[in-house]
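The structure appears right after this line, and notes come after that.
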Amino acid sequence: MAKSLAPCPMPHAHKRLMDCHAQWHSMREFYFSPDDFRLHLNAFLQTHRSVSGLLLKHQSGLPGFNEWFTAYSDFAKQDEILKWAKKSRNRIVHEADLELESSCRVRWIGDWRQRTEAVGTFPPRMSAREIVKAIKGSRGLPPFGTLTIERRWVDRALPERELLDATSDAFSKLHNLLRDGHQAADVALCDLGFDEEDCVTSGLEENLDRGALECMENSMRDLVGHFSIADGTHLKESVERIRVDESAARAANEGYGGLLFPEGDAIARVPLLMSVARRVMEKDGVHGTFAFCLRGDEVTSMRLMQFENQGAKHLAFESLADEVESSRADGVLIIGEMWMAVQTEAEKRMGTFILPAREGPDRREGLSVYAVTRDGRYANQVCFVERTPDGKPRCGEPFEVGDADGMNTFLPIKERWKRMEERGQ
Ligand SMILES: [Zn+2]
Ligand SMILES: [Zn+2]
């Protein structure tokens, strides 16, 4: 869509507002690293404070300045968050850092069957790596698996508000000031920068009177970090969620004869999706792993499941379980490539797989479509994939399997349904 750009009426202040936005994302990015978090928080508060100063300095020529600026400063004098932001900035510049406190909820996932959860308070100065080390020592966890840490930073002067939440609120209020200023100058979109890919733009939301920018709200949704127990490294979780409007999608996919969106619940869809998967595999030579959440006969969402290692795979399915719970899905279907392997004797004794199937010596490539429902039904179809010497895939006939290893991935979801049942949900 073409957008008409006008020169920014208040470029100094507006650029700082954009800096503020970027600094907020840096706070989020370094949420699990105390010193970096503090650094970006301090920068955010100072930049935030500088915006109104710059507006005052360059006010001449700004239409209606007295009106919209006075309305803001009157509001700022009695707004809890803006008062806190101003005081904090003064404190940082003239006295000392804020008194940050953090609490942590910790979840350990060993493998599909071994998991535990605990809430602990750790000194704010402790980095995630140190927390991982301390937990490993005190709880005697085995040296594998992943640790999910949910952290919550607060300032002692504002104990009720988590800090990303408080600062995004402060940002929204300042954003509204500049929006009013641009509107008074009759500028809908100024020329300071607009990039569809990046959320830090000169665009100002028409209505941000309550709540945060969408990008901020999304990144606050789960303030968790995932860490490998073995070496303490921060695992990045990448989830691509796709909301599905099935009737619209079905109409758009008429050309596929409705194959991509067959009718029925998760179980009923397995055979048809297997035939789609075989077609995709023979045509493209690869098949991504996708998860579909269903409520009855309707797909409510689908997501691409990507994982570089076993730990990340556990996380991906744990996150899928979160979505099942929040969307009240009663069926889940997974489609994708898989490696089928045999558990070694040593692994059987430890009750785990040390090497994921894809790295095991006796592995076979296959395609798998499997589904489970909340009322306890499941279906699992597999077909082997053979490769010609030049790598072209040939899919064998699909067959049903019983309680296969692939079903392990459903354990977090089944666990979730069980807990929901207990709560009467
Ligand atoms: Zn502007
Ligand atoms: Zn953003």
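Since every read-out is calculated from the coordinates, none of them should be taken as a lab result. Note that the coordinates shown come from a computational prediction; the quantities given were computed from them, not determined experimentally. As a convention, Cβ positions derive from the backbone with ideal geometry for all residues, glycine included, and neighbour counts pool all protein chains shown.
Beta carbons within 10 angstrom, averaged per residue: use that to sort the peptides 281-291, 164-174, 83-93, 10-20, highest first.
164-174, 10-20, 83-93, 281-291
For the range 1-101, what does the alpha-carbon gyration tensor say about shape, rounded, prolate or oblate, given a ≥ b ≥ c as the root eigenvalues, a/c under 1.5 as rounded, and a/b over b/c as prolate?
It is oblate, given that a/c is not under 1.5 and a/b is not larger than b/c.
Pull out the extension gain between ARG419 and LYS57, defined as 0.36 nm times the separation in residues minus the alpha carbon to alpha carbon distance; nm, one decimal.
124.5 nm
Out of residues 5 or more away from ASP330 or on other chains, whose amide H comes under 5 Å of its own, with H placed 1.01 Å from N in the peptide plane?
LEU294, ARG295, GLY296
Using Cβ contacts closer than 10 Å as the measure, can you line up LYS133, LYS313 from fewest to most?
With the fewest neighbours first, LYS133, LYS313 line up as LYS133, LYS313.
If R0 is 45 Å, what FRET efficiency do you get for GLU99 and GLU263 from their C-beta distance, rounded to 0.05?
Plugging the Cβ-Cβ distance into 1/(1 + (r/R0)^6) gives 0.15.
So what's the net charge close to VAL93: Lys and Arg +1, Asp and Glu -1, counting the other residues with Cβ under 12 Å from its Cβ?
So the environment of VAL93 carries a net charge of +3.
With θ taken as phi - 60° and the coefficients 6.51, -1.76 and 1.60, list the Karplus ³J(HN,Hα) couplings across the range 149-157 in order, rounded to whole Hz; mark glycine and proline as x.
Taking θ as phi minus 60°, the curve returns 10, 9, 10, 9, 8, 9, 9, 4, 7 Hz for the range 149-157.
With the cut-off at 21 Å, tell me which of the pairs LYS15/LYS57; LYS15/LYS173; LYS15/LYS86; LYS15/LYS77 have Cα atoms farther apart than that.
LYS15/LYS77
With θ taken as phi - 60° and the coefficients 6.51, -1.76 and 1.60, list the Karplus ³J(HN,Hα) couplings across the range 131-137 in order, rounded to whole Hz; mark glycine and proline as x.
Once rounded to whole Hz, the list reads 5, 4, 5, 5, 5, 4, x.
Using the Karplus curve 6.51 cos²θ - 1.76 cosθ + 1.60 with θ = phi - 60°, work out ³J(HN,Hα) for each residue of the range 382-389 in order, rounded to whole Hz, and write x for Gly and Pro.
10, 9, 7, 10, 9, 10, 6, x
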